[in-house]
Amino acid sequence: MSRKTYLGEFEQMVLLAILQGGDDANALAIRRELEASANRTVTKGAFYTTLDRLEKKRFLTWTARPRGENGAGLPQRHFRVTPEGVDQLRHSREALTKLWRGLDEVLDTP
Amino acid sequence: MKHRLQPVTPPERADALLHRCLPDGVLGLSILGDLHQEFEELTTRSALRAPRLWYWRSAISLSGRYALERLKTRILEPGSGALMGGEVMGTLLADVRFGLRMLIKTPLLSGVAVLTIALGVALTTHTYSSVYGTMLRGVPVPGHDRLVHIGANRPEFGITEMQIPIHDFNDLRDQQTAFEDVGAFYQGTVNVAGDEGAPERFAGAFVSANALSHLGVPPLMGRTFLPGEDEAGARPVIVLGYHVWQNRFAGDPAIVGKTIRVNGEATDIVGVMPEGFRFPFLEDVWVTHRIDAAGLERGTGMDLDVFGKLREGGSLRAAQAELTAIATRLAQAYPESNEGIGLVVKPYEERFMPREIQAVLWLMLVATFGVLLIACANVANLLMARASIRSKEVAIRTALGAGRWRVVRQFLMESFVLAGVGGLVGVGIAWGGLVAYEAVIADIYKPYWIDPRMDAPVLAFSLLVTAFSAVAAGILPALRASSVQIGENLKDESRGSSSRRLGRFSNFLVVSEIAVSCALLVAAGFMIQSVVNLKNVDLGFETEGVLTGRVGLFANDYPDADVRDQFFAELRARLQAEPGVTSAAVGSILPGLGGSQFLFGVEGETYATDRDFPAATTAVVSPDYFETLGVELTQGRDFTELEARIGGDPVIIVNQSFADTYLPGRQALGEQIRIGRSDSERPWRTVIGVVPDMHVGGNTGGIGDDLERPERLFLPQGSIDFSFMSFAVRTNGPPADLAPAMRSLVMELDPNLPVYDLLPLRQAIDDATWAFGLFGGLFTIFGAAALFLAAVGLYGVMAFSVSQRRQEVGVRLALGAQAPAIVRMIVKGGATQLAIGIGVGIALGALMSSSMSIIMYGVEVGDPFVYGSIVLTLGATGLLACFIPARAATRMDPVQALRGE
């Protein structure tokens, strides 16, 4: 088995938000999903560079479509998580689950 | 809602910025599109100002982020030739970022660590700038590293340093090949008059004609001296210092070529030296010496300081060999004047820097390194505490594949970040300290090249020290933290085992730190005591309430001894008559300000050869000299007015040391003493009084001057002819208030005669002991900082090690132990550490101090006071550091203490 790298927390959240958005996940929609579910402001710089990084790692891919009614606007990217990305998410979840095992009692205590 | 008629566009400049920074192609355009879309949506909801502001903010944030990304990509780009370096750089950057995050995450710990390192770096930087500015930067002339001083010695008389007579200088100059050239000077005062201002005295150097040109500093205006201008009978010429030209002559651009009166002679101004040039010591003006070597018997006349630059590639050793050969030749050719006299060469700066001061400075630097080590140990302990909390993090990192080196590097980088910030703050503190220090020492009479300031070499040193601190403080915690056993830590849910392991190491650090602090404090304590002793050396006379001054008569205006004697008698009479003056005296020199040695013989003693005649510091003084200085004769009486004139009865006063050394077992009064050797034509003088010892002092920083040879002779005024005399007046009020009256009193006697060195005696002595002023205070500050760091560090590490035992305390309390018993137990444990540390420290300190004793003054290395106060301070701090957290632990609810773990 090839050695897996681990996803950072924010990278996981971005990939999960793309999956949540379905086929039509554009950058604006993803960012809003993130902000809504994580209940925090996402800085644009960190967001876009994370998208670029995930693309470089081949965990996501995008297609550009023209924006606006007549298609004359600036291009808009629509993102999709690649099978490698899904695999990586699964792997990260397993590692975390292992680490979480048996800690419910400790962590549930306020 | 407000209806907009025209589409609103984002700010153009913000767009331009984005175009420049965002990636090219679809990627950049799509991001721009997202921004535009969001901007449009915002403009429908709020006034235009808010969306524009939002757009600008977003543009700046995005541009910054992408610019950084681009930089990183460029570094990591394959084919850029920096791939490997780039990768390393990338991870290093990540480590730095992580380090910064850790810094912010634990602000209290980081703050303490940063401040501790800052203090250590500030102290070492400050001390180094003193060492560098005093001994290493050197005299600011081209080729200063080759500039040397040549003096004479006379080993059989125990004379290690004396100046060179003109004849020897001339021969030396003709015969030497090791130097590019050699020049000579003697220091004196130069009286400038004959222009519009009142006559004024300046510190001057009487130099050989080649002296200034050999130094290689070109004049600002005009020229320096020409060959032949230093010969007897040459027309007098003067070169002005920059500030004399500015202040006395208002920066007159046509000053060169003008004629003024210098020391009573019409003298041409031939040049002005640039600002800051004060060679050889702290001079204002330069004139040629014009010594008539041909008219002088060999070995007589004004002695000279000789200096020169070694030839390129030449060494001190080779120069010394040549000088020894020259001295041997001179001794063979002129045995009467030169037998037993050697020539010695040394770096120029050492001529004006007593060896004791050099040793003290180097020692201070070593000691500040000790303080830095304490600071590093403190920070290492803090990092160790943090490492013990983070052992899980390390275990996870290791489990996820991070190698040990990777973990070590990350921990080290964190300490580099801490040290970096600390170093910056430290340099800031040192800079502030230097500014304050410069202001304090500005008025101290000291060599002109002594200039402690923050420049490139000093900054480079701070950088090195900072890097050293980072490694010293970080390496052990990093190595310890990285050796964590993964399985053990992931299984072990309590912090106990790992922290206890680190705790054991912490205990070792506590004991070592106590030992090092203690040793340093012992050494510092003795050094401070030594400096304080030197500063407060019992002068043997009263310095308060005395105003002093000096007056010099010129041969042109006062041609013979009678006229000069008359003048000084008249001066003293007028001083005594001045309202507010209770007593007045004149003397060839005042105590505490140096003196010259005269050979003498005691009647009844036999001296095998002329070389066996002893020497003592001798002064010529008027009646009331001792009364004015608040000194009471222990035997006999003072000179009478009649004795203190030319032709007066031959009498003499000696000091106690003289009586003890040269007249042992005799009644001093009535003994006969004669100045000179066997061929002396001077009269035998009867001892009529004995005075207590008075400090002689000198002008080379004052440490140890004449402390070993305190014997003194006092001759009555008129017995030896001096054209320069000092005066002292005692007053009931502040002595400085009398200064204007004194000045005008002398002006009335002779309007061409200036008074110089018109200072309260205390200040005159302070000026003469500049080295204490310069370094005494510094050492005290350094000692205080060492104590502070040691105390804080000790408190920190002891408190930490006690807090590590909270769980144990909880268990004990739960099992029914009494709180006071637990406190006792913990304090006892701490006291054991303290006792071991202090014991080792005292032994180390005693060892250090005894090796330093040669540079200490008036200090008993076994002095229980120093040891006692250090043991008390460290002991109290250490016990307090155990007691407070121990008590806090016992006051906690046992359940909470256990849960906390």
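Just so it is clear, none of the values below were taken in a lab; they were calculated from the coordinates. Values in this document were obtained by computation on a predicted structure and should not be read as measured data. Heads up, the Cβs are rebuilt from the backbone with ideal geometry, glycines too, and the neighbour counts pull from every protein chain shown.
Some notes on this structure:
- Value of Rg to Rh for the stretch B:90-214 (Rh from inverse mean 1/r over Cα pairs, i.e. Kirkwood): 1.30
- Loop-located GluC sites (Glu not before Pro) in the stretch B:174-220 whose Cβ has at most 16 other Cβ within 10 Å (DSSP): B:GLU196
- Beta bridges per DSSP with both ends in the stretch B:165-293, % antiparallel, nearest 5: 70
- As a proxy for reagent exposure, ranking A:THR61, B:THR890 by other Cβ atoms within 10 Å from fewest up yields A:THR61, B:THR890.
- The dipole here belongs to the protein assembly as shown: it is taken about the Cα centre, uses +1 on the Cβ of Lys and Arg and -1 on the Cβ of Asp and Glu, and is about 8180 debye.
- Rounded to whole Hz, the Karplus (6.51, -1.76, 1.60) HN-Hα couplings of the stretch B:516-530, x for glycine and proline: 5, 4, 4, 4, 5, 5, 4, 4, 5, x, 5, 5, 4, 4, 5
- Taking every DSSP bridge with both residues inside chain B, close to 80 percent are antiparallel.
- From the alpha carbon centroid of the stretch B:138-155 to that of the stretch B:251-325 is 14 Å.
- Helix-only CD estimate at 222 nm, as mean residue ellipticity for the protein assembly as shown, using -39500 (n - 2.57) per DSSP H run (n ≥ 4): -17500 deg cm²/dmol
- Based on C-alpha pairs under 8 angstrom that are at least 6 apart in sequence, the stretch B:122-190 has a relative contact order of 13 percent.
- Residue (of B:VAL394, B:GLN320, B:SER337) at the positive-pole extreme of the stretch B:309-418, dipole from beta-carbon charges: B:VAL394
- Going from the fewest other Cβ atoms within 10 Å to the most, the residues B:ARG645, B:ARG572 appear in the order B:ARG645, B:ARG572.
- Computed over the stretch B:557-671: relative contact order in percent, which uses C-alpha pairs under 8 Å that are six or more apart: 22
- Amide H to amide H distances under 5 Å link B:LEU713 with B:THR617, B:THR618, B:ALA619, where only residues 5 or more positions off or on other chains count and H is placed in the peptide plane.
- Distance cut-off 12 Å, percentage of C-alpha pairs in the stretch A:56-110 lying past it: 75
- Given +1 at the Cβ of Lys and Arg, -1 at the Cβ of Asp and Glu and no other charges, the dipole of the stretch B:95-237 around its Cα centre is 1160 debye to the nearest 20.
- Taking only the C-alpha atoms of the protein assembly as shown, Rg followed by Dmax gives 40.3, 129 Å.
- Area projected by the alpha carbon convex hull of chain B, averaged over all directions, nm²: 56.7
- Expressed to the nearest 5 percent, the antiparallel share of DSSP beta bridges inside the stretch B:235-353 is 65 percent.
- Charged-residue dipole, Cβ positions (Lys, Arg, Asp, Glu), the stretch B:115-193 about Cα centre, Debye nearest 20: 380
- Inter-part distance where the stretch B:508-538 and the stretch A:17-55 are each reduced to a Cα centre, Å: 63
- Exposure proxy ranking for B:ILE475, B:ILE589, based on other Cβ atoms within 10 angstrom of each Cβ and starting from the fewest, stands as B:ILE475, B:ILE589.
- Across chain B, Cα pairs under 8 Å and at least six residues apart give a relative contact order of 14 percent.
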